[in-house]
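The values are calculated or read from the model by the stated rules, or taken from the named source; none is laboratory data. Keep in mind that this is a model prediction, so the values were computed, not measured. Here the Cβ positions follow ideal geometry from the backbone for every residue, glycine too, while neighbour counts run over all protein chains shown. For the accessible areas, the whole protein counts, side chains as well, though only heavy atoms, and no ligand, DNA or RNA atoms are used. Shrake-Rupley method; radii C 1.70, N 1.55, O 1.52, S 1.80 Å.
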Amino acid sequence: MKYISFAIPCYNSESYMEHAIESILTGGDDVQIIIVNDGSKDRTSEIAHQYEEKYPTIIKAVDKENGGHGDAVNTGLSYAEGKYFKVVDSDDWVDEDALSKILQVLHNFEDTDRQVDMFVANYVYEKEGVEHKKVINYKNVLPQDEIFGWSDIGRFRLDQYILMHSVIYRTEFLKLCQLKLPKHTFYVDNIYVYYPLPHVRKIYYMDADFYRYYIGRSNQSVNEKVMISRVDQQIFVTKSMIDMYDMKRVTNKKLRQYMTNYLAIMMTVSSILLIRSKKPENLEKKQELWKYLKMKNYRTYWKIRYGILGQTMNLPGKPGRKISSLAYNVARRLIGFN
């Protein structure tokens, strides 16, 4: 059987996709690799099919019209045969030793008739030109090497939230909760992680530096100038997450707090991009976004707006915006996310 299906969304990825593929191939027949060519105009499709021909029992090459990263993830999920499902972006890769350890745990789950909805491991910021790479781990937050639920979690730091990089979902679980990401939209990785959370019952965390998240290309979606140019998509994703759940219906208190704090981060990112664009119309969009949250869920709005992040993003006037921007720069240097 296939223990993990890895989807690799690719768009014009000919120069780096092989690193991602080769790192996963070390899993052998325990893994399935679905290379989704999202309408590329270079040799991406050719490379994908060469790999499929060489490793027919492991690799599936899928060509589709361009629909964006989220649509490529949807396609990968539709072809997934593995018990668990993991997305690896084409410019990232996985650590081979950590992959081996994760597969051992999944083998053990199968042997003992156990399963989880969400498997969490560490990720590493592979930032170009930085000697000491920042590792995001969850040792102080999540129980290690055991199955647990939301009531067992601790308090997450700002740089510690569970992202697409750190999560592996059970394939059937994702299909049952009907996850579908929007087309032609960036930053949908937040929806991918956030939407399934209230449906998750069983979690497992391994303290292994598994996912290697590359930061360095000038056209990367997390580059600040690129993010500002796509700020409307960031707002769309943030509003979509606001719309997903009435927090009063999230019965587990710790999960509700976690999800509220995740929304606070999304509101902060959207707000700071709108501030740093220095466009008057974007400042109006910032006010409209906060009004939207207030209209949709006043209690959640109140918690976020008058928390530390909300207050920092809503300081009055030009001096206030400068302080907000300075706080963002400090956080960016500490966390190293772009």
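Annotations for the structure displayed:
- Here the range 179-209 is the region considered, the condition is being assigned to a loop (DSSP other than H, G, I, E, B) and charged (D, E, K, R), and the residue that is nearest to Asn137 (Cα to Cα) is Lys202.
- In the range 241-267, the residues that are over 20 Å from the mean Cα position of the chain (by Cα) and not in a helix (DSSP H, G or I): Asp246, Val250, Thr251, Asn252
- A count restricted to the range 85-105 and to residues that are touching a helix residue (DSSP H, G or I) at 6+ places or on another chain (Cβ under 8 Å) and not small (Gly, Ala, Ser) stands at 12.
- Some residue of the range 166-178 being among the basic types (Lys, Arg) and either assigned to a loop (DSSP other than H, G, I, E, B) or open to solvent by less than 20 Å² (accessible area, probe 1.4 Å) (or both): no
- Subset of the range 31-65 (residues that are part of a strand (DSSP E or B) and surrounded by fewer than 17 Cβ atoms within 10 Å (Cβ to Cβ)): Asp63, Lys64
- Residue check for Lys225: in a helix (DSSP H, G or I) and without any contact (Cβ under 8 Å) to a residue 40 or more places away in the chain: yes
- Selection status of Leu181, closer than 20 Å to Leu263 by Cβ and either open to solvent by less than 10 Å² (accessible area, probe 1.4 Å) or more than 19 Å from the chain's Cα centre (by Cα) (or both): yes
- Test for Asp92: is it closer than 15 Å to Val167 by Cβ, in contact with an Asp or Glu (Cβ under 9 Å, 6 or more places away or on another chain) and not polar (S, T, N, Q): yes
- Scanning the range 104-133 for residues that are open to solvent by 10 Å² or more (accessible area, probe 1.4 Å), among the hydrophobic types (A, V, I, L, M, F, W, C) and not in a helix (DSSP H, G or I) yields a single hit, Val130.
- Condition met for Glu284 (in a helix (DSSP H, G or I), closer than 25 Å to Leu181 by Cβ, without any contact (Cβ under 8 Å) to a residue 40 or more places away in the chain and open to solvent by 50 Å² or more (accessible area, probe 1.4 Å)): no
- Residue count for the range 59-74, restricted to those that are in contact with a strand residue (DSSP E or B) (Cβ under 6 Å, 6 or more places away or on another chain) and either more than 14 Å from Tyr11 (Cβ to Cβ) or in contact (Cβ under 8 Å) with a residue 40 or more places away in the chain (or both): 7
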